[in-house]
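The block underneath contains the structure these notes are about, expressed in structure tokens.
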Amino acid sequence: GRCVQPCRRVYRQGGAAAAAMAKQAEQQAREQGRNGRDGGRDMRRPRPQRSNPGKGRDGRFFSCLDLSLDVLAKTLLHIPHLVSWKIEGRKKGPHYVYHVVTAYRMLRDNPGDPQARKDAEAILEMALGRPGSRARFLPHKDNLIPTDPSGQTSSGLLAGKINVTPEGQVLLKPHFELLPQDYLRVGVEDERWHATLPVTRRTPKAGTLMLRLPKHKTPKAGTPVFLIDRREPELMQILREWQARLDCMPTRPSKAVESEPRLPRPVRPAPRPEMVVRASMPQGRETRGCRSQNTGLWLSPRTAEISRTIAPRICWWLPPVIWPEEEEAIRRRLAHLTREGARHFVCNAPWQRDLFPAELLARMNDEPEDPKHSDALDLLAGPFCNVANAAALGVLADMGFKGAYISPELPADDILALPRQSPLPLGMVLGGFWPVGISRFGLLGIKPNEPFMSPKGEVFWARQYGGNVWLYPGWPLDLTAKRQELQQAGYSFFARLEENPPSSLPEMRRQGLFNWDGALL
């Protein structure tokens, strides 16, 4: 519940953003130089290149449209054991809930009626949500793009645009009739004049409504105004009727429930060597760097073709996102690697276990737990499985996993408490570039391997691996100082995610603790 919606902000790449990043890097270098630190530069990091300010690109590149799967309603009816549909509605008003539930009820009850479908789509258009996208659920359609970088970011129906009189009055001539208790939004959240306010009197279409806003929030002419909630008399009557029914229902006293959860039996793990995980293996380092299982490689078409003498010495990391059309290729690569003797793998989603050859899975739990045994699959659950409690770790243990990496996105209290309850040996990602997001939909205006900046001056960069785009912050994760504390808590293995950041990425003096000092609740 603490999300500040960074996906809705305007980001900038190139132009003024590049100049600002270069100036920021030079300032940091000067400050560090005055402190006697080798001219202020970490010699392991490349020196930022001076960028030509030129023309920049800006937009709300990560602001998603609403995912609308109304077209799949008929398909969902035939799934066995499905008893309910969950329709998103966080922070929505009664108008949205009523329209969306009514539309999906029509789709559910009239799956073969074209007119009912047309009526339902019209009702969804009036729900005051964001524009809809069917994303990749219907790849043969032309609405794959889930964002509109140049569009507004919030829900609502465009009601008109602001007129400002010479006297400073803010007026709106609405495109449709406005009713008392309608709720309007002026502008977009990241604009200084953004405001929300109720409609106090009926205003006909093309009539004049004066908007009373604080002086410091006076919008410029042409600022859009959106209807974001509506309390129609008919809807309010329905709500009153339901409230009356609830008031008449007998109440029952509640009782406290006392129970102790059954947790799996914890284990005492044996330590493993620290692992460095690379996106690709630099040429000439294969044989020198892979004498033991402390080298990890992300599985890709290129890395899977590594020589058969090296493959068994590497721990292979599966990508966090594998799409249905990619599964068969991944199966072939895993079959090839296991034939070459590879046995050490990290699955970054629990279901990825089933991508391995069936004969190896069948023998996995029958083999003695000896990592030197040539035929024993050594499967670890990766940090992208987002395991957060002992019960989930118990499920992974039942699936045959030999250990699990805990996500660095957990806070310290949760991280340090888990080993005392875990039925599996636990590991942590101690350092490296940890992504803030992984996207299947391309960059939509952001160039890969080139820094871009948030409105708060934070720097990010993006890189494409296979069919996915990884979005990284400009500063690495660094929990190295917590290693001893983690070992004392019971963690027995660690990893670092090695990346080569863009040469133009400025060095950011910012702690890489992520959620260590935070709290989820």
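Structure data summary
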read-out	value
Matching residues in the range 227-266 - criterion: being free of Cβ contacts under 8 Å to residues at least 40 places away in the same chain and closer than 30 Å to Leu396 by Cβ	Val257, Glu258, Ser259, Glu260, Arg262
Filter result (loosely packed, with under 15 Cβ neighbours inside 10 Å and part of a loop (DSSP other than H, G, I, E, B)) within the range 395-414	Gly400
Some residue of the range 428-446 being without any contact (Cβ under 8 Å) to a residue 24 or more places away in the chain and out of contact with any Cys (no Cβ under 8 Å at 6 or more places or on another chain)	no
Long-range neighbours under 8 Å by Cβ, at least six apart or interchain, first residue more than 19 Å from Arg185 (Cβ to Cβ) and assigned to a loop (DSSP other than H, G, I, E, B) within the range 129-141, second modelled with pLDDT of 80 or more and among the hydroxyl-bearing types (Ser, Thr, Tyr)	Arg134/Ser68
Which listed residue is in contact with a helix residue (DSSP H, G or I) (Cβ under 9 Å, 6 or more places away or on another chain), not hydroxyl-bearing (Ser, Thr, Tyr) and not assigned by TED's automatic domain parsing to the domain that holds Gly296, from Asn468, Asn515, Asn449	Asn515
Candidates Leu337, Leu424, Leu355, Leu377, filtered to the one that is crowded, with 18+ Cβ neighbours inside 10 Å, of a type in the set (A, V, I, L, M, F, W, C) and under 30 Å from Ala481 (Cα atoms)	Leu424
Given (1) out of contact with any Gly (no Cβ under 7 Å at 6 or more places or on another chain); (2) not assigned by TED's automatic domain parsing to the domain that holds Gly382, number of the condition Gln488 does not satisfy	(2)
Residue match in the range 208-219 (condition: within 30 Å of Leu443 (Cα to Cα) and surrounded by 13 or more Cβ atoms within 10 Å (Cβ to Cβ))	no
Ser439 within 15 Å of Phe61 (Cβ to Cβ) and of a type in the set (Ser, Thr, Tyr)	yes
Subset of the range 488-521 (residues that are aromatic (Phe, Trp, Tyr) and under 14 Å from Trp475 (Cα atoms))	Phe514
Near pairs, Cβ below 8 angstrom, 6+ apart or cross-chain, from the range 150-163 (farther than 13 Å from Thr196 by Cβ) to any residue that is among the aromatic types (Phe, Trp, Tyr) and assigned to a strand (DSSP E or B)	Gln152/Phe226; Leu157/Phe226; Leu158/Phe226
Matching residues in the range 407-423 - criterion: being more than 11 Å from Gly490 (Cβ to Cβ) and in contact (Cβ under 8 Å) with a residue 60 or more places away in the chain	Pro408, Glu409, Leu410, Pro411, Ala412, Asp413, Asp414, Pro423
Candidate set from the range 451-495 (those that are in a strand (DSSP E or B) and of a type in the set (Val, Ile, Thr)); member that is nearest to the chain's Cα centre (by Cα)	Val469
The listed residue being farther than 17 Å from Leu263 by Cα, touching a Pro at 6+ places or on another chain (Cβ under 9 Å) and either among the aliphatic types (A, V, I, L, M) or in a helix (DSSP H, G or I) (or both), out of Leu430, Leu424	Leu430
The range 195-224, residues that are closer than 20 Å to Leu179 by Cβ and of a type outside the set (A, V, I, L, M)	Thr196, Pro198, Thr200, Arg201, Arg202, Thr203, Pro204, Lys205, Gly207, Thr208, Arg212, Pro224
Test: residue in the range 374-391 that is modelled with pLDDT under 90 and among the acidic types (Asp, Glu)	yes
Filter result for Arg201 (in a loop (DSSP other than H, G, I, E, B) and either surrounded by 15 or more Cβ atoms within 10 Å (Cβ to Cβ) or touching a Leu at 6+ places or on another chain (Cβ under 9 Å) (or both))	yes
The range 87-116, residues that are in a loop (DSSP other than H, G, I, E, B) and either within 18 Å of Arg130 (Cα to Cα) or not assigned by TED's automatic domain parsing to the domain that holds Leu128 (or both)	Ile87, Glu88, Gly89, Arg90, Lys91, Lys92, Gly93
Residues (closer than 22 Å to Tyr405 by Cα, touching a residue at least 24 places away in the same chain (Cβ under 8 Å) and in a helix (DSSP H, G or I)) located in the range 312-333	Pro312, Ile330
Criterion: surrounded by fewer than 13 Cβ atoms within 10 Å (Cβ to Cβ) and outside any loop (DSSP other than H, G, I, E, B) - qualifying residue of Leu227, Leu246	Leu246
Within the range 152-198, tally of residues that are surrounded by fewer than 20 Cβ atoms within 10 Å (Cβ to Cβ), part of a loop (DSSP other than H, G, I, E, B) and β-branched (Val, Ile, Thr)	1
Yes/no for Ala489 being in contact with a helix residue (DSSP H, G or I) (Cβ under 7 Å, 6 or more places away or on another chain) and aliphatic (A, V, I, L, M)	yes
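A quick yes/no check of all residues on (1) closer than 30 Å to Gly432 by Cβ; (2) at pLDDT 90 or above; (3) out of contact with any helix residue (DSSP H, G or I) (no Cβ under 6 Å at 6 or more places or on another chain):
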{"position": "Ala244", "(1), (2), (3)": "no, yes, yes"}
{"position": "Ser254", "(1), (2), (3)": "no, no, yes"}
{"position": "Glu258", "(1), (2), (3)": "no, no, yes"}
{"position": "Val277", "(1), (2), (3)": "yes, no, yes"}
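The values are calculated or read from the model by the stated rules, or taken from the named source; none is laboratory data. In this text the structure is predicted, and so the values were computed from the model without any measurement. Cβ sites come from the backbone with ideal geometry, for glycine too, and all protein chains shown count toward neighbours.
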